[in-house]
Amino acid sequence: MNQRLASVFPGALLVSAWLLAAPAGAQPSASGAAPVTLEQIMANPDWIGNPPERAYWGYNGRHIFYWQKRNDSSLRDLYAADITTGVVHKIPERELGLISAPAGSFNHAHTLKVFVRDNNVFVRALASGQLRQLTRDTTPKSDPEFMDDGVHVQWHQENDIYLYDLRSGTLSLAADIRLSGDPAKNEPPQDYLQAEQPRLFDFLSKQKADSQAQLQQQASRASADGTRPPAPWYLGDKLKVFHSSLSPDGRWLVLVTVPADYNRGAPGMMPEWITDSGYVQLLKRHTYVGLNPPPPQSVLLLDLKNHSSFPLDLSQLPGIQDDPLAGLRKSAVEWDVQHGIERKTAEQSVKAPAIRPVSVWGLAWSDDGRQLALEFRANDNKDRWIASVDFAKKTLLTQNRLTDPAWINWSFNQFGWLHDNHTLWYLSEASGYSQLYLKELHAPKARQLTHGRFEISDPTLSRNDRYFFAVANLKAPGIYEIYRIDVRSGEMRAITHLGGVNGPQFSMVEDGGGGYALSPDGAKLLVYHSSTTRPPEVWVVQARPDGKARRLTRTLTQAFSSIPWVKPEIVQVPSSHVAEPIYARFYRPADYTTAHSWPAIVFIHGAGYWQEAHQGWSYYFHEFMFQTFLAQHGYLVLDMDYRGSAGYGRAWRTAIYQHMGHPEVQDIEDGVHWLESNWHVDPKRLGVYGGSYGGFMTYMMMFRRPELFAAGAALRPVGDWADYNDFYTADILNRPNIDPQAYYVSSPINYAGALKHQLLILQGLEDDNVFFLDTVHMVQKLQELRNPNFDVMFYPTEHHDFKAPYSWLDEYRRIWRLFNTYVNPPAADPAH
């Protein structure tokens with residue numbers, strides 16, 4: 001600790017010998033006797049083994065760090081895996097302060113890394129490992145970056161950006177932003193009374209003149225004295241700063257602003273029933289869709305060198321003054337009038353803006369700070385623009401416009417610059433699938449780098465601009481490997497050959513796990529890999545097509561691995577409505593035979609835009625285990641990626657536009673007929689269940705195909721899309737004032753009168769995603785319809801995603817009882 005460090009690292013810390021810590025791993029237990037039980041499946045998931053979370057490279061590329069949850073606790077510990085020996089060690093608590101955080105950025109020479117950990121900023125020298133702490137306080141900080149000169153570091157702190165000089169240790173504010181009027185500016189009087197006062201009273205005139213003289217003197221001294229902070233920027237009180245970004249050369253500050261008077265509308269109220277006080281508490285949660293659309297965002301550029309500013313003229317974006325919703329506005333007025341709303345009120349509610357409001361979805365600076373690109377998304381969800389800024393002419397230059405008559409995808413919006421400082425790269429669904437494009441600033445057209453009926457995601461550019469690394473499902477829709485893409489030719493070569501899912505995980509590992517990352521030297525990849533029956537583990541793979549792969553973590557317990565889980569087959573169900581097949585996971589009993597008929601269950605995944613028929617570990621791991629339980633009890637199970645699911649391109653994604661729950665019903669019906677035609681499934685012994693969007697779809701199956709299933713379980717289901725949030729619903733159905741017909745035809749509550757067979761509704765009272773209000777409304781509707789074919793169970797402390805094992809167990813015991821009673825009672829089973 002007494003070693004003398006370079007001048008950039010006064011008082012630095014050295015890396016300690018944490019590698020002497022004891023190794024850790026999953027503790028095996030004697031278990032695994034088949035068949036599995038609901039009690040075991042729904043127990044605390046610790047029994048499966050806690051997978052590695054938030055894995056990242058160490059500063060020197062010799063170790064990979066990851067967090068792991070402790071058994072029977074929410075606490076996490078940090079581990080380090082030596083990529084050469086494979087030895088894993090737990091980092092002692094006293095040494096955590098010496099470890100670099102995963103996020104951060106490097107200087108151009110790649111010799112220093114800046115990062116934020118525990119709300120403080122640190123700089124690490126990569127060669128020596130020396131660590132320098134730049135701040136020591138509790139104020140949150142984010143987005144640390146090196147400036148272009150390599151000796152200054154910037155970061156965000158609350159609403160400000162700070163600069164730190166590594167040579168002098170000076171901390172300064174990049175710009176003093178004040179959301180008020182300029183006190184030095186003479187504002188005209190607002191009325192007669194105000195105009196009269198300085199004329200009547202000499203005292204006021206002299207006071208004002210003296211105040212302005214002092215302000216002018218302060219400004220003059222600030223400009224002449226480099227030790228003083230720069231002059232403040234007075235932006236007025238009509239806006240709020242939503243986001244800010246400082247150019248790498250320190251000259252330009254970008255401010256993304258929203259109107260100060262924007263009101264999101266009344267929030268949904270959620271009661272919290274189990275409280276310390278014993279009293280019910282009302283919690284404010286998301287507003288309903290269309291109650292108030294997102295605020296229009298504007299962009300202001302501040303020239304910090306010349307203390308001048310200019311706004312970006314968004315009217316320069318092509319198509320920004322068009323109205324893609326014009327036809328819907330007209331039909332909405334007629335719908336409203338037919339439903340008792342006065343025409344004048346209806347026309348006012350759908351009035352189109354002169355310029356379509358937009359949101360800034362991202363911005364990127366070139367390495368030298370001279371080029372800026374911004375990504376805009378129309379708030380009506382129909383357009384995305386990537387535009388660069390001409391600072392000299394103060395104009396926007398559109399580099400790419402993506403239009404979608406349905407909605408612009410939430411995914412595949414990444415973009416950035418090559419290191420040459422004049423070429424943009426971006427992802428786009430323009431071809432029907434997410435592909436990678438290059439666009440030189442002054443070239444008339446972009447160059448499509450990759451081609452095919454597969455999806456590219458999560459591109460990472462090599463430091464020498466020769467390659468992109470990216471995730472793609474080129475081999476099959478459900479197999480995700482990591483590929484190296486040649487920047488010049490577009491040639492794609494697989495880096496991983498592990499099968500399953502490599503890279504971003506569909507299991508949504510808690511606290512941000514999943515993904516891949518290049519090592520600091522660019523020679524290796526950290527990769528999360530999983531299969532249908534094995535959760536994600538960390539591998540290290542050489543970053544070349546013929547490179548070797550090595551598994552580093554082994555967190556699965558013997559208790560889980562010893563159970564003969566049913567490995568789902570990935571099948572292609574023929575569609576009677578579209579040319580493409582419907583991919584699905586298919587589970588069948590080990591003793592399946594054609595000698596008799598079988599009962600079957602259809603599981604419907606949630607989220608809508610989600611992929612379940614992939615070959616990796618599922619987010620629905622409880623359901624995966626339950627499918628094995630069902631198979632062991634003589635059921636076949638089908639888990640389909642109906643239209644609207646992810647992984648199959650734009651057309652599949654947008655097939656549900658304006659009519660959610662219609663194409664999906666057709667696809668699931670096709671799945672049922674496929675089971676009946678190919679697997680001897682008894683049409684009278686069919687059940688269905690699913691949660692969230694899957695709960696919504698269970699409603700739609702039970703209401704719109706009332707003869708198809710003998711029973712259904714709807715978990716945390718949406719019953720009326722008008723009760724859901726804006727971000728998700730407005731994309732697919734527009735907003736209810738613009739497209740009321742879409743909400744009517746897409747909401748299950750409007751079909752509830754057709755319910756014929758037994759329905760079980762299950763939801764947490766503290767669900768702040770799909771409010772329990774939806775279930776209340778559905779129960780009221782069914783009661784008014786005098787329909788006896790439903791039951792309800794609520795869970796007082798559960799949110800949208802259940803946490804307590806006893807809640808999971810109670811929920812699935814009820815589902816199992818439902819299926820055993822109405823789908824496959826003993827008297828109906830030929831095997832009995």
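Observations, loosely collected:
- With a requirement of 1 or more residues that are in contact (Cβ under 8 Å) with a residue 12 or more places away in the chain and of a type in the set (Asp, Glu), the strands (runs of 3 or more DSSP E) lying completely within the stretch 137-249 that satisfy it span 141-146, 160-165.
- In the stretch 276-306, the residues that are modelled with pLDDT of 95 or more, touching a Ser or Thr at 6+ places or on another chain (Cβ under 7 Å) and not in a loop (DSSP other than H, G, I, E, B): SER298, LEU300, LEU301, LEU302, ASP303
- Number of the condition not met by GLY608 [criteria: (1) under 30 Å from the mean Cα position of the chain (by Cα); (2) without any contact (Cβ under 8 Å) to a residue 24 or more places away in the chain; (3) within 30 Å of ASN734 (Cα to Cα)]: (2)
- Meets criteria (touching a Pro at 6+ places or on another chain (Cβ under 8 Å), open to solvent by less than 20 Å² (accessible area, probe 1.4 Å) and of a type in the set (A, V, I, L, M, F, W, C)) for VAL573: yes
- Of residues in the stretch 661-678 being closer than 27 Å to LEU474 by Cα and open to solvent by less than 10 Å² (accessible area, probe 1.4 Å), the one nearest to the chain's Cα centre (by Cα): GLU664
- Checking GLN783, GLN741 one by one, the residue that is farther than 30 Å from ASN44 by Cβ, of a type in the set (S, T, N, Q) and without any contact (Cβ under 8 Å) to a residue 24 or more places away in the chain is GLN783 and no other.
- Within the stretch 292-331, the set of residues being in contact (Cβ under 8 Å) with a residue 40 or more places away in the chain, over 32 Å from the mean Cα position of the chain (by Cα) and over 30 Å from GLN371 (Cα atoms) comprises just one member, SER331.
- The test for being within 30 Å of PHE106 (Cβ to Cβ) and without any contact (Cβ under 8 Å) to a residue 12 or more places away in the chain holds for ASP390.
- Within the stretch 472-508, considering residues that are buried (at least 22 other Cβ atoms within 10 Å of the Cβ), at pLDDT below 95 and not polar (S, T, N, Q), the one nearest to SER457 (Cα to Cα): GLY503
- The set of residues in the stretch 307-337 that are in contact with a Ser or Thr (Cβ under 9 Å, 6 or more places away or on another chain) and part of a helix (DSSP H, G or I) comprises LEU314, GLN316, ALA332, VAL333, ASP336.
- Exactly one residue out of GLY49, GLY61, GLY104 is modelled with pLDDT under 95, under 27 Å from the mean Cα position of the chain (by Cα), at positive phi and open to solvent by less than 50 Å² (accessible area, probe 1.4 Å): that is GLY104.
- Taken over the stretch 351-386, the residue count meeting the criterion of being of a type in the set (A, V, I, L, M, F, W, C) and modelled with pLDDT under 95 is 3.
- Failed criterion for GLY694 (all others in (1) touching a strand residue (DSSP E or B) at 6+ places or on another chain (Cβ under 8 Å); (2) among the small types (Gly, Ala, Ser); (3) on the phi < 0 side of the Ramachandran plot; (4) open to solvent by 10 Å² or more (accessible area, probe 1.4 Å) hold): (4)
- Restricting the stretch 408-429 to residues that are small (Gly, Ala, Ser) and surrounded by fewer than 19 Cβ atoms within 10 Å (Cβ to Cβ), the residue that is nearest to THR460 (Cα to Cα) is GLY416.
- Taking the criterion of being modelled with pLDDT of 90 or more, in contact with a Ser or Thr (Cβ under 6 Å, 6 or more places away or on another chain) and under 30 Å from LEU314 (Cα atoms), the only residue of the stretch 257-275 that qualifies is THR257.
- Any hit, the stretch 448-463, residues being over 22 Å from the mean Cα position of the chain (by Cα), at pLDDT below 95 and assigned to a loop (DSSP other than H, G, I, E, B): yes
- Evaluation of PRO311 against (1) out of contact with any strand residue (DSSP E or B) (no Cβ under 7 Å at 6 or more places or on another chain); (2) closer than 30 Å to THR403 by Cα (one fails), failing number: (1)
- All positions within the stretch 679-688 that are touching a Ser or Thr at 6+ places or on another chain (Cβ under 6 Å), part of a strand (DSSP E or B) and of a type outside the set (Asp, Glu): VAL688
- Matching residues, the stretch 689-717, being within 15 Å of TYR751 (Cβ to Cβ) and not in a helix (DSSP H, G or I): ARG705, PRO706, GLU707, LEU708, PHE709, GLY712, ALA714, PRO717
- Among (1) without any contact (Cβ under 8 Å) to a residue 40 or more places away in the chain; (2) more than 15 Å from LEU782 (Cα to Cα) - the single one ASN750 does not satisfy: (2)
- Scope the stretch 786-816; condition without any contact (Cβ under 8 Å) to a residue 60 or more places away in the chain and either over 21 Å from ILE41 (Cα atoms) or among the aromatic types (Phe, Trp, Tyr) (or both); matching residues: ARG786, ASN787, PRO788, ASN789, PHE790, ASP791, VAL792, PHE794, TYR795, PHE802, TYR806
- Single residue of PHE626, PHE621 found to be touching a residue at least 24 places away in the same chain (Cβ under 8 Å), under 22 Å from ASP801 (Cβ atoms) and out of contact with any Pro (no Cβ under 8 Å at 6 or more places or on another chain): PHE626
- Residues of the stretch 602-660 that turn out to be under 20 Å from PRO504 (Cα atoms), of a type in the set (D, E, K, R), open to solvent by less than 10 Å² (accessible area, probe 1.4 Å) and not in a loop (DSSP other than H, G, I, E, B), as a count: 1
- Members of the stretch 215-242 that are modelled with pLDDT of 80 or more and not hydrophobic (A, V, I, L, M, F, W, C): PRO229, PRO230, PRO232, TYR234, GLY236, ASP237, LYS238, LYS240
- Looking across the stretch 263-284, the residues that are open to solvent by 40 Å² or more (accessible area, probe 1.4 Å), out of contact with any strand residue (DSSP E or B) (no Cβ under 8 Å at 6 or more places or on another chain) and not β-branched (Val, Ile, Thr) come down to ASN263, ARG264, ALA266, TRP273, ASP276, SER277, GLY278, TYR279.
- Within the stretch 527-570, restricting attention to residues that are of a type in the set (Phe, Trp, Tyr) and over 28 Å from the mean Cα position of the chain (by Cα), the residue that is most open to solvent (accessible area, probe 1.4 Å) is TRP565.
The values are calculated or read from the model by the stated rules, or taken from the named source; none is laboratory data. All figures in this text were calculated on a predicted structure; none of them were measured in a lab. Cβ coordinates were reconstructed from backbone atoms using ideal geometry, including for glycine residues, and neighbour counts include every protein chain displayed. For accessibility, only protein heavy atoms count, side chains too; no ligands or nucleic acids. Shrake-Rupley method; radii C 1.70, N 1.55, O 1.52, S 1.80 Å.
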